[in-house]
Structure formats: C-alpha cells, structure tokens
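Just below is one structure, and these are the notes that go with it.
A short reminder: the numbers here are calculations on the coordinates, not readings from a lab. Every value quoted in this text rests on a predicted model; they were computed, and no experiment measured them. Because the Cβ atoms are built from the backbone with ideal geometry, glycine has one as well, and the counts that use them run over all protein chains shown.
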Amino acid sequence: MEKKDVLGMLEYFDRVQKVTFKVIKSIPANKLNYKPCPEVMSLKELVHHIYANEKVFAQGVAKGFISEEDFKKENRKHGSIKSLLDYAKSVRKNTNRIAKKLTDKQLKRKVKTFWGAPLPAFICFTAFYDEHWHHRGQLYTYLRLLGIKPPDLYDYN
C-alpha cells in the first residue's frame, strides 16, 4: 500500500468519524458507564478503546514500534461526553498529521510489536480502521439496548 492509498483511506475515514462523533454525542451523560453485562466494556470504555487503539497504532508507525506501555499510557479516565469527543478529535488530527508526513518507504517498513509479530506499517492503519468499525457496531448495539436510535450509518453530513 502506498501513501496515496493510506491518505485516501483516511480521507474516507474522516467522513466516517462524523458519524462516530454523532454516536458519541447521542450517549446520555448518565449512561456513560452502561454495559449490557459485567464482562464487557462500558460505553465510555468502548469509545476510549477505539481511539486509544488508533493513537497507539499511528504513533507506532511514526516511531517504528508498539509497546505494551504505549497502551497502558492511554488508560485515561473520561468523565464526560465532551472529554471523549475532545480525545477522539485530537487522536484523529494526530493520525492524519502522522500519515501526511510518511513516505512510501516508511509505510512498507516493519513496525515492531510487543506481541512478537512485526507488522508492515500500512497494516497498522488498517488494523485501527477495522477496530473502529467493529467497536462502533457495539456502540450501536448498546444504544439500541438503551432504547436510543443511533445515527444513520452513512449520515456523513
């Protein structure tokens, strides 16, 4: 995958984010800790997880490695919708900044990981992209369980 492909993917992803931000805004403040069963993440934990993964993977591409400590550093406590949105928007801005600075050669290099298998840098971008879709689906399910109709999946306005 070349830089132009990653940038194209992220350009579309910016539109997807508009919907995700609407999803976050639709979470009632008094339901941030909601989880349908004890062993799963809460709404606020899911939102944080989505963006923490994006941040760690994008920064991993920039520095050439992903450590377990990188994930631990992102263990933040969000107490409000505003805090979650600010975090999400900050991560998106940083991801785009990192991607724009990369060369095609950097996108093909291997990123070392703490779980053993190095990844081509461009795969790190697709990993958090997939992670986003997966967990956003969970957010939609949680909202439905709360009786809240989530935003249209393709409402990019």
With +1 on the Cβ of every Lys and Arg and -1 on the Cβ of every Asp and Glu, the dipole magnitude of the chain about its Cα centre, in debye rounded to the nearest 20, is 480 debye
I need two numbers for the chain: Rg to one decimal and Dmax as a whole number, Cα atoms only, in Å.
15.9, 48
How big is the Cα convex hull of the stretch 31-78 in projection, averaged over all directions, in nm²?
3.6 nm²
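In the stretch 41-135, which trypsin sites (Lys or Arg not before Pro) are in a loop and have at most 13 other Cβ atoms within 10 Å, using DSSP for the loop call?
Within the stretch 41-135, the qualifying trypsin sites (Lys or Arg not before Pro) (loop, at most 13 other Cβ atoms within 10 Å) are 76, 77.
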